[in-house]
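Single-structure report; data block below.
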Amino acid sequence: MIPAAFDYYRPKDMGGVIALLQEHGDDARVMAGGHSLIPMMKLRMAEIAHLIDLQDVAGLDGITVEGGRITLGAMVTQHQIIDSAALLAAAPILREAALQIADPQVRYMGTVGGNVANGDPGNDMPGLMQCLDATFTLVGPDGSREVAARSFYHAAYMTDRDDSEVLTSVSFAAPRGGYAYEKQKRKIGDYATAAAAVQIEKNGDVCASASIAMTNLSDTPVWSKAASAALVGTTVDDAAIAAAVAAMQADIEPVEDNRGPAAFKRHAAATVLTRAIRRAWDRA
Amino acid sequence: MPKKMHIELTVNGKSHEFLAEPRELLIHTLRERLNLTGPHIGCETSHCGACTVIVNGKSVKSCTMFVAQANGADLTTIEGLGTPDAPHVLQTAFREHHGLQCGFCTPGMITRASKLLEENPNPTEEEIRFGMAGNLCRCTGYQNIVKSILAAASELNAAKEAAE
Ligand SMILES: Cc1cc2nc3c(=O)[nH]c(=O)nc-3n(C[C@H](O)[C@H](O)[C@H](O)COP(=O)(O)OP(=O)(O)OC[C@H]3O[C@@H](n4cnc5c(N)ncnc54)[C@H](O)[C@@H]3O)c2cc1C
Ligand code: FES
Ligand code: FES
């Protein structure tokens, strides 16, 4: 399990990263924690001639909660998310989701930037970021731009990011109301068979707003506008939940793989979404 | 020949300098170059935790890190935690509570557990199971591993209290 040879770079600033990406084009790739990339390189499913390690690049590592907005630098790890008291207070769904990713060792290395930029439908943060309506900041040779998480994913491993761009941060408005991240997996450390991210706001007895996103049930994460809308104005009773689940089913396209046939995944999707809605509503 | 780079590592308090290809995996550096054969290769695919070492204060699967990434880092392996004459509290606890059978997973288990107890000196059984989830054991059924870590935690806490 030895990867193909590569040249290794560890630039100290973003200018250095962009210059290397421009110089080497398709042959260069950035690496954050390496816990998706290195396994692919060991299997020779990725051969990268020029590997640019982001670990020393300044300005990618902060967690800020300010004026109702939360910003995570791309190199913030899942372990740091779990450990952050400020995040737990401002957006507890992040900790609930991060605790369900991989295992302790992987979480010390895996970063939010790597997780959302990777484009693997199995990653948990992309769906979570769509639920939160997050914005990704990308920096490239022509400066920086922002892309909504909900329009970032085109297909498996195909995202809106250009090869010469680096994702520098993820930001979103502090969510309000109840939340839940519910994931069905074969064993601890496994990617999702199905997962649901839910945020719900309550007004009296009635649902004022809802946001629902699903993971590993299509070749991209799925933010289901129809499922979210099915809850609004209801008391989130059994009928409303069933309507949301039915709407979600129309938006996903699971395919058979080693986690099971498509029909089983639809069953798991319905179960995780029902549980997530109930838990989020209880907390709202 | 692929290009080699100059690497500096501090492992168990000792510094090492050598030339290596950046693609060399840290587990191979430790076992084959530095002769530290405590960290084991179980799966080589980031799943079993037998290769766990501490890199700059993080529990890391050393089969999933390039030596180039670790350049400049401070590492601890099982060899740095204790010796046969002066074993670490966890090593003694694993022996007393039958926390091992074949012993293959044990260096990774103990190295990971040492970090877990540093971050959480009073873990519940559930917290131990969750915090050790990246380490697999094919022999023990985990029961006695959990017991060993609980015993080591109370031992360490008692020693701390006695010192105060
Ligand atoms: C055993 C195991 C279990 C796992 N289980 C889960 C799981 O349950 N859920 C889950 O979500 N993940 C899981 N992961 C993946 C883990 O969370 C990864 O660490 C994460 O997906 C990628 O983060 P990274 O920092 O390691 O990225 P890397 O591996 O370094 O990079 C991944 C990809 O993103 C690109 N990239 C990285 N950073 C940037 C950036 N800032 N800008 C642009 N491109 C970038 C890289 O070029 C590469 O193509 C698991 C991994 C392992 C080894
Ligand atoms: S050998 Fe590294 S995790 Fe199994
Ligand atoms: S003691 Fe044999 S694998 Fe754990």
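Side notes on the structure shown:
- Residue selected from segment B:37-78 under the condition in a loop (DSSP other than H, G, I, E, B) and among the small types (Gly, Ala, Ser), by the criterion surrounded by the most Cβ atoms within 10 Å (Cβ to Cβ): B:GLY49
- Taking the criterion of being in contact with a His (Cβ under 9 Å, 6 or more places away or on another chain) and free of Cβ contacts under 8 Å to residues at least 60 places away in the same chain, the residues of segment B:150-164 that qualify are B:LEU150, B:ALA151.
- Residue, nearest to the other protein chains (Cβ to nearest Cβ), within segment B:28-49, restricted to residues that are of a type in the set (A, V, I, L, M, F, W, C) and more than 13 Å from ligand 1 (Cβ to nearest atom): B:ILE41
- Complete set of residues in segment B:50-78 that are β-branched (Val, Ile, Thr), touching a residue at least 40 places away in the same chain (Cβ under 8 Å) and within 14 Å of ligand 1 (Cβ to nearest atom): B:THR52
- Scan of segment A:116-149 for residues that are within 26 Å of A:ALA19 (Cβ to Cβ), in a helix (DSSP H, G or I) and open to solvent by less than 10 Å² (accessible area, probe 1.4 Å), ordered by number: A:VAL116
- Test result for B:ILE7, in contact (Cβ under 8 Å) with a residue 12 or more places away in the chain, within 11 Å of chain A (Cβ to nearest Cβ), more than 19 Å from B:LEU117 (Cα to Cα) and in a strand (DSSP E or B): yes
- Residue within segment B:18-26 that is assigned to a strand (DSSP E or B), without any contact (Cβ under 8 Å) to a residue 24 or more places away in the chain and more than 9 Å from chain A (Cβ to nearest Cβ) present: yes
- B:GLY131 vs. criteria away from ligand 2 (no atom under 15 Å from the Cβ) and either open to solvent by 70 Å² or more (accessible area, probe 1.4 Å) or away from every other protein chain (no Cβ under 13 Å) (or both): no
- For first residues located in segment A:223-234 and free of Cβ contacts under 8 Å to residues at least 24 places away in the same chain, partners that are open to solvent by 30 Å² or more (accessible area, probe 1.4 Å) and lie 6+ apart or on another chain with Cβ distances below 6 Å form the pairs A:ALA230/A:ALA243.
- Per the listing A:GLY62, A:GLY34, A:GLY68, A:GLY15, the residue uniquely without any contact (Cβ under 8 Å) to a residue 40 or more places away in the chain and either within 14 Å of another protein chain (Cβ to nearest Cβ) or open to solvent by 40 Å² or more (accessible area, probe 1.4 Å) (or both) is A:GLY15.
- Only one of the numbered conditions (1) farther than 20 Å from A:HIS79 by Cα; (2) in the same structural domain as B:ASN135 (by TED's automatic domain parsing) is not met by B:THR111, and that is (1).
- Number of the exception - B:PHE104 against (1) within 11 Å of chain A (Cβ to nearest Cβ); (2) surrounded by 15 or more Cβ atoms within 10 Å (Cβ to Cβ): (1)
- Hits in segment A:1-12 (condition: assigned to a loop (DSSP other than H, G, I, E, B) and within 7 Å of chain B (Cβ to nearest Cβ)): A:MET1, A:ILE2, A:PRO3, A:ALA5, A:PHE6
- Within segment B:70-86, the presence of at least one residue that is of a type outside the set (Asp, Glu), within 15 Å of ligand 3 (Cβ to nearest atom) and either modelled with pLDDT under 95 or farther than 27 Å from A:LEU54 by Cβ (or both) is confirmed.
- Some residue of segment B:79-98 being open to solvent by less than 40 Å² (accessible area, probe 1.4 Å), touching a Phe, Trp or Tyr at 6+ places or on another chain (Cβ under 9 Å) and either more than 14 Å from chain A (Cβ to nearest Cβ) or within 16 Å of ligand 1 (Cβ to nearest atom) (or both): no
- Segment A:18-31, residues that are surrounded by 13 or more Cβ atoms within 10 Å (Cβ to Cβ) and farther than 22 Å from B:MET5 by Cβ: A:ILE18, A:GLN22
- Applying a threshold of 8 Å to beta carbon distances and a minimum spacing of six or more residues, or different chains, the list of pairs starting in segment B:117-135 at a residue that is under 24 Å from B:CYS63 (Cβ atoms) and ending at one that is at pLDDT 95 or above and of a type in the set (Lys, Arg) reads B:GLY131/B:ARG112; B:MET132/B:ARG112; B:GLY134/B:LYS61; B:GLY134/B:ARG112; B:ASN135/B:ARG112.
The values are calculated or read from the model by the stated rules, or taken from the named source; none is laboratory data. Predicted, not measured: the structure shown is a model, and the values here were computed from it. We place every Cβ from the backbone using ideal geometry, glycine too, and count neighbours over all the protein chains shown. Note: accessible area is taken over every heavy atom of the protein model, side chains too, but ligands, DNA and RNA are not part of it. Shrake-Rupley method; radii C 1.70, N 1.55, O 1.52, S 1.80 Å.
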